[in-house]
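S.K.: Would you mind keeping the following structure in view while I ask a few things?
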Amino acid sequence: MLQRHFVLAPRLRNVPAYLTSRPFAPRFKRYQAFDTGLDQEALSEARSWFQSFSPTQLPKGNTTYARSSGPGGQHVNKTETKAITAYPLGQLLPVLPKSLHPGIRKSRYYTATNDSLTFQAQDSRSRDANAEDNRRKLIEEWQKIPRNKDKTQEVYQRKETITERAF
């Protein structure tokens with residue numbers, strides 16, 4: 001019965017519940033609208049861009065071919081079917097909305113030496129199919145960018161809230 005009136009603090013000691021709870025807590029971010037911290041103009045630009053987007057608007061990129069590995073036997077060893085496509089950011093950024101620009105350089109496909117997104121595909125025995133697979137990967141990547149979060153920032157905020165609740 002007594003444990004119902006006490007909460008366990010980080011130092012594993014019993015503290016009365018009225019000392020740990022705050023009667024007038026501020027409104028937390030999780031209860032706010034998802035777009036309160038965003039630039040409304042950039043958000044409306046991104047929404048209109050997503051609605052009118054077609055994959056033909058994206059640049060073709062520079063595709064080179066190399067020898068592939070994996071299944072395929074002699075065909076793989078003698079032909080260059082692995083497609084390596086680089087999309088220079090100078091061609092890619094004017095096509096994408098401004099809200100996606102910071103996330104492009106944080107992509108795992110970003111190559112700093114030539115300032116481009118570089119994709120590789122060798123799943124198929126066809127050069128054209130592998131080049132098309134690279135284009136599909138590019139489209140998937142820019143669709144992921146708005147959903148990606150900076151994990152270190154998220155972890156830091158989580159630690160901060162835990163320490164605030166503890167005291």
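The values are calculated or read from the model by the stated rules, or taken from the named source; none is laboratory data. Quick caveat: nothing in here was measured; it's all calculated off a predicted structure. Cβ placement follows ideal geometry from the backbone for every residue including glycine, while neighbour counts extend to all protein chains displayed.
S.K.: Going through Pro71, Pro94, Pro59 one at a time, which residue ends up being over 19 Å from the mean Cα position of the chain (by Cα) and at pLDDT below 80?
M.R.: Pro71
S.K.: Please state which one of Gly73, Gly90 is without any contact (Cβ under 8 Å) to a residue 24 or more places away in the chain and of a type in the set (Gly, Ala, Ser).
M.R.: Gly73
S.K.: When you check Ser44 against the structure, is it on the phi < 0 side of the Ramachandran plot and over 24 Å from the mean Cα position of the chain (by Cα), yes or no?
M.R.: So Ser44 does not fit the description; no.
S.K.: Looking only at the range 108-144, which residues are in contact with a helix residue (DSSP H, G or I) (Cβ under 8 Å, 6 or more places away or on another chain), in a loop (DSSP other than H, G, I, E, B) and either of a type in the set (Asp, Glu) or in contact (Cβ under 8 Å) with a residue 40 or more places away in the chain (or both)?
M.R.: Taking the range 108-144 as the starting set, the residues that turn out to be in contact with a helix residue (DSSP H, G or I) (Cβ under 8 Å, 6 or more places away or on another chain) are 109-110, 115-117, 119-125, 135, 139, 142.
In the following step, the residues that additionally are in a loop (DSSP other than H, G, I, E, B) were identified as 109, 115, 122-125.
Correct list: Asp115, Gln122, Asp123, Ser124, Arg125.
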